[in-house]
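Every number in this text was worked out from the coordinates using simple rules, so none of it is lab data. Bear in mind the structure is a predicted one, so any value in this text is a computation, not a measurement. Cβ placement follows ideal geometry from the backbone for every residue including glycine, while neighbour counts extend to all protein chains displayed.
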Amino acid sequence: MWRYGSGLVYRLRYWRACREAEPLMGQSLYETLLPDDAAKRDALFASFPELQQEFESISRVSNRIKIKTDDWAGDLLPGLAMKIEALEHSRHQRMAYALAFSGLAVFSVLIYSVFMLGGETVHGPTYVKQATPREESALSQISTEACDLVALGETERAAELLESAINTHPGDKHRADAILTLADIEYTYLQRYERAYEIFKRLEQEHRDVFEQSWTTDKRMRMLTAAFPDAFEPLRELEAAAHCEDPLHGYENILVNYPDKIWAEEAMRQMSRLLARESGADPADTVQMLQRVRNACAHPVALERIDLELGNYYCDSLDAPDLALKHYAQAAASRHIALAAQAREALARLE
């Protein structure tokens, strides 16, 4: 369990700031924010430097993405121009402009979809548009009370209060946000993963739009789903590693115990964050961070799992199969059967 105190209060404030900052951060990647929105984002950055560091890292990754274009040399403009000129200067003309604009919008969406589905997968956030402020309701007020209780260390009471309010206010316009808050409390503060899984599933089934608004929610649901067959034990091991005396060693043990599972990826991600924070290194420099993680490990299976990850990154993201070859070969010699099999499959693809 968490040690209640100033750390918990800060974590709660940071969690709530993330909920406010995520849409603004996503929007500012693609367009200029309105002055009020920009001021709000900058104020959140000033209060929580971690948010600004995360935004800068995401911006660097986003700037590296190059949209691939077709070699098609056709030109739709002459045909569109002829159609538009042939229309009367009346409501028919206005309708034509509307149709032309709609067609262009659909075409843009198709091009964007091709890029997103066919391009490199970037493990990062999925942003949504900034929501307009909504009026307070009974559930929003009770949600605030529950968060205050968490800050005071009365976490179980907070969960009970919020769950009761959700059940007694089925038509409240903030019900989805309240369910999400309850799921966060169960997952983050109580580590009652069975309950968190049930509540996230409820949110997904009843309020899919809210469920899909946050990459954190999506990640947590994927982690819970993966841990479900093992009674959520891997999540408890990750939690224990994060709060043990030597977190790097704790995460290395997870690499050793689950080298062929999603938990190894999460362990490497957390190790990279710790090392980046300690050294001031750029967390977006994946190769450098994986090398640092490798240098922090001693167990052969952990080293071989990181070699597999380096090979994958060189091959898939940097298109450098020659550099990937050495790391795949080292992982293929692993005594862990499943890990070695993955590395041999990767080597076979390079032949």
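Worth pointing out:
- FRET efficiency for R202 and I337, using Cβ-Cβ distance with R0 set to 51 Å, rounded to 0.05: 0.85
- Extension reserve of the T144-R277 stretch, reckoned as 0.36 nm per residue once the Cα distance is removed: 44.8 nm
- Under the convention that each Lys and Arg Cβ holds +1 and each Asp and Glu Cβ holds -1, the size of the dipole of the range 136-231 around its Cα centre is about 260 debye.
- Shape of the range 279-351, Cα gyration tensor, a/c cut at 1.5: oblate
- Charge tally in the Cβ shell below 12 Å around V287, where Lys, Arg are +1 and Asp, Glu are -1, V287 excluded: -1
- Between W215 and K326, the contour length at 0.36 nm per residue exceeds the alpha carbon distance by 36.6 nm.
- FRET efficiency for the A46 to L350 pair, using the beta carbon distance and R₀ = 41 Å, is estimated at 0.30.
- Fewest-first sequence of L190, L339, L318, L182 by Cβ atoms within 10 Å of each Cβ: L318, L190, L339, L182
- A Förster distance of 30 Å, applied to the separation of the beta-carbon atoms of K173 and E194, puts the FRET efficiency at 0.55.
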